[in-house]
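The values are calculated or read from the model by the stated rules, or taken from the named source; none is laboratory data. For clarity, every value in this text was computed on a predicted model and none was experimentally measured. Quick reminder, even Gly has a Cβ in these numbers, built from the backbone with ideal geometry, and neighbours come from all protein chains shown.
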Amino acid sequence: MRPVFPFVIRPAKALGVQAVDRAGTGLPREGRRDRFQIACVQVDFFWILAADLRPQACQALRLEGADQGVDIYCKEKDSGLTCFVQCKRYNNLKKSQLRAIVDKIIEGNKSTDGQSLLVVTSCEVRKEAHEDFKTYAKVKGFSKAEIWGESILTSKLHQEKYKTIKENYFGSDIDKEELARKRIEAAKLGEQLVNQSLLRKFVKLTNEDRYHLLEHPYDKFKVSKVIIRSIYDEDYPDTDDEGKHDSWFKSFPFNIYHDGIQMKIAPWMSETIVIYPCGEWMLKSEFDKCKYDGEYMELNVDIIGNIPYSYIANIKEDGDEYFDCPIIFCAFNGKSGPFINIWYDFYDREMHAHIRFEKSRKRALITENDYWRLKRKYGLK
């Protein structure tokens, strides 16, 4: 049976405090000073986290600070030792601060000899400080001393059974942060795979090389084609009656960008863009639905898709028995497959005109002068 605490716990939202630490962790380090203590002594929170402890009393809501250095008194299940718990919401805990915690608890409480001490903190304590704390506490008479730092608390909070506590006190952003960290790790792996398996190794680039790669970005790659295959695919290498397949397809490396790799979806396919002198544009299929008698021109563009590094799970550089080109295993996301966004590329080598059309920007980066230069060449269609 769970113990009942003689006070009412109010969630962080009710206290009107900042919901999530903005310094990079999901544990609170800002806002009202009592919030971290409240979270640590909430019945469900501490009862579940400290499975080997029996919380008996609590002084966490004494905001004036006269708590004799203790926020929670507990009894250890197995040993029966009293455990003195101090909760600290700090960005950093140094040796001197940890020693001060020990001294304050001894000064404010009787019968600490042979008992247990636990410090719960929202920061990560350096190993040297942690070891010094344990040694100092034992010298002062405690039988054992431990620290629950950021990594321990975070790992516990991310478990499904603590979902309510996590939402009440730390907000849903703690989940977002965990996903962000996983995405960063996946992106690092994906970038390594692309660098090792797809990109050429340039010992030293001359200015001529750089200029060539600006005009021909696809020459950064060892290969001109790849197979993109979903990590969930079970049909490869089969296709349907029309020769189509949604879970794998052939594609053509085009370039790399800050967050991934760009693919020319199909060189034999193109899209037609309608562009106005001001740079505004739309797809020809959309333009045909409009009634417009003003100035415009049409350009044929390549279709480019961006695959984030974080979507790339593995690359078989040498292919397999069906294809002799690299096979990229990707996470597919809905109708767009592995592409986080699709855009259109126009390049006229003779005129050195390079225009990028992105769906999120309805105005392309083109001057009116360049528009008329292109217009003289391509005319009104």
Expected output for the stretch 338-351 (first residue on the phi < 0 side of the Ramachandran plot, partner hydrophobic (A, V, I, L, M, F, W, C) and in a loop (DSSP other than H, G, I, E, B), Cβ below 7 Å, 6+ apart or cross-chain) is P338/A331; P338/F332
Name the residue, out of I256, I273, I303, I261, that is assigned to a strand (DSSP E or B), in the same structural domain as N341 (by TED's automatic domain parsing), touching a Leu at 6+ places or on another chain (Cβ under 7 Å) and aliphatic (A, V, I, L, M).
I273
What pairs come out if I take residues in the stretch 193-208 that are surrounded by 11 or more Cβ atoms within 10 Å (Cβ to Cβ) and pair them with residues that are of a type in the set (F, W, Y) whose C-beta lies under 7 Å away, six or more apart or interchain?
V194/Y309; L198/F221; L199/F221
Could you check how many residues of the stretch 99-145 are among the hydroxyl-bearing types (S, T, Y) and farther than 15 Å from Y73 by Cα?
5
Looking only at the stretch 336-358, count how many residues are within 25 Å of the chain's Cα centre (by Cα) and at pLDDT 85 or above.
8
Give me the helices (runs of 4 or more DSSP H) completely within the stretch 74-158, filtered to those with at least 2 residues that are over 33 Å from the mean Cα position of the chain (by Cα) and without any contact (Cβ under 8 Å) to a residue 40 or more places away in the chain, ordered by residue number.
95-108, 127-139
If I ask for residues that are in contact with an Asp or Glu (Cβ under 8 Å, 6 or more places away or on another chain) and either at pLDDT 90 or above or not in a helix (DSSP H, G or I) (or both), which ones from the stretch 199-223 would you list?
R200, F202
